1. Any residue that is touching a Ser or Thr at 6+ places or on another chain (Cβ under 9 Å), surrounded by fewer than 17 Cβ atoms within 10 Å (Cβ to Cβ) and not β-branched (Val, Ile, Thr) - is there at least one of those in the stretch 26-34?
2. Go through (1) buried (at least 20 other Cβ atoms within 10 Å of the Cβ); (2) out of contact with any strand residue (DSSP E or B) (no Cβ under 9 Å at 6 or more places or on another chain); (3) more than 20 Å from Asp26 (Cα to Cα) for Arg122 and report which single condition fails.
3. Could you list, in sequence order, all residues of the stretch 176-205 that are part of a helix (DSSP H, G or I) and either under 17 Å from the mean Cα position of the chain (by Cα) or surrounded by 19 or more Cβ atoms within 10 Å (Cβ to Cβ) (or both)?
4. Provide a single number: the residues in the stretch 79-107 that are touching a residue at least 24 places away in the same chain (Cβ under 8 Å) and out of contact with any helix residue (DSSP H, G or I) (no Cβ under 9 Å at 6 or more places or on another chain).
5. Name the residues in the stretch 243-278 that are free of Cβ contacts under 8 Å to residues at least 12 places away in the same chain and outside any helix (DSSP H, G or I), would you?
6. Can you find a residue in the stretch 234-241 that is under 16 Å from the mean Cα position of the chain (by Cα) and either in contact (Cβ under 8 Å) with a residue 24 or more places away in the chain or buried (at least 18 other Cβ atoms within 10 Å of the Cβ) (or both)?
7. Scanning for something surrounded by fewer than 22 Cβ atoms within 10 Å (Cβ to Cβ) and either hydroxyl-bearing (Ser, Thr, Tyr) or without any contact (Cβ under 8 Å) to a residue 24 or more places away in the chain (or both), does the stretch 141-156 turn up at least one residue?
8. Check the stretch 4-19 and report whether any residue there is touching a strand residue (DSSP E or B) at 6+ places or on another chain (Cβ under 9 Å), in a strand (DSSP E or B) and either modelled with pLDDT under 95 or acidic (Asp, Glu) (or both).
Amino acid sequence: MVYDFKDQVIVITGGAGGIGSHLARDFAKKGANIVAIDLNKERVEALVSSLPAGSHTALSGDLTDRQIIKSVIQEIENKYGRIDVLIPNAAITTTDRFDVRSVESIELELDINLVSPLVLIRQAIPLLHKSKDPRVIATVSLGGIFPLGETPMYTASKFGLRGAILSIGMDLAAKGITMGAVMPSATDTPMLHREAVEGGNSLQFMDPPQKTDAVVKSFNKMLDKPKFERYPKPSESWLVRGAMLAPNALPKLMPLFRGRGNRGHVKYLKDLEKRGIARQVGDTWVLTEDD
């Protein structure tokens, strides 16, 4: 079965970001009406103005503010009356180590990556029930399976979101709402560019980061044939799931993974330099847009 995008109302958070914007463009070309939500007002409006003809909407706001979530849902109801596909995609990560970062930053990252998506899904339930074929597809991460030592709050939030989607999905399936998650590994997006220059998690660079096209393809497959989870890189998913069968062995396994990841990290930084995205300043790297 090939999913029919024509006139479907698809809501994407983090809509102006690397994955979100590619999803919006791909789905709009296939006839969907896109509601792109992003914290950056200028970027999300520019994205929506660039989409093919359709009934598209740009909404901006901080989804950690529960009133903003309510107003977003109200605007969607007023204009479309329903949501056919909800894609909680917005997320952040930071390379600040757990033992030195502020409590406020811990709470914020968990809110953006875990709590806000769940609140949004909950508030969207009435509009999803007004669709003939309601779907929720969350952008999770292989970090929702495998612990990333340098980014523990990202790991915690994605572990939590994965578990929540699986649990809620089992409950809502009997109520007519299909839920699932796409589980990307490192993807070549602005978020990864920043993480790479700031140090990041070397495990993400064991293989060259995938392009956003691979993630978009997984979302399309999820719409064509729903599953609880899809992995853009199945081989990586088997590796991390296999490693987690023996979590007590992780301290011994990590050095093996990390050496390969460190070498891949260096290669990725050099690639960003060739593409004019980053440059080396002494012993550090910076994004060229920050100059």
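1. Among the residues of the stretch 26-34, not one is touching a Ser or Thr at 6+ places or on another chain (Cβ under 9 Å), surrounded by fewer than 17 Cβ atoms within 10 Å (Cβ to Cβ) and not β-branched (Val, Ile, Thr), which makes the answer no.
2. Only one criterion in (1) buried (at least 20 other Cβ atoms within 10 Å of the Cβ); (2) out of contact with any strand residue (DSSP E or B) (no Cβ under 9 Å at 6 or more places or on another chain); (3) more than 20 Å from Asp26 (Cα to Cα) is unmet by Arg122, namely (1).
3. Of everything in the stretch 176-205, those that are part of a helix (DSSP H, G or I) and either under 17 Å from the mean Cα position of the chain (by Cα) or surrounded by 19 or more Cβ atoms within 10 Å (Cβ to Cβ) (or both) turn out to be Pro190, Met191, Leu192, His193, Arg194, Glu195, Ala196, Val197, Ser202, Leu203, Gln204, Phe205.
4. Residues in the stretch 79-107 being touching a residue at least 24 places away in the same chain (Cβ under 8 Å) and out of contact with any helix residue (DSSP H, G or I) (no Cβ under 9 Å at 6 or more places or on another chain): 1 in total.
5. Selection gives Leu245, Ala246, Arg275.
6. Step one: filter the stretch 234-241 for residues under 16 Å from the mean Cα position of the chain (by Cα), giving none.
Checked the stretch 234-241: no residue is under 16 Å from the mean Cα position of the chain (by Cα) and either in contact (Cβ under 8 Å) with a residue 24 or more places away in the chain or buried (at least 18 other Cβ atoms within 10 Å of the Cβ) (or both).
7. Among the residues of the stretch 141-156, at least one is surrounded by fewer than 22 Cβ atoms within 10 Å (Cβ to Cβ) and either hydroxyl-bearing (Ser, Thr, Tyr) or without any contact (Cβ under 8 Å) to a residue 24 or more places away in the chain (or both), which makes the answer yes.
8. No - not one qualifying residue is present in the stretch 4-19.
The values are calculated or read from the model by the stated rules, or taken from the named source; none is laboratory data. Keep in mind it's a predicted model, so treat the numbers as computed, not measured. We place every Cβ from the backbone using ideal geometry, glycine too, and count neighbours over all the protein chains shown.
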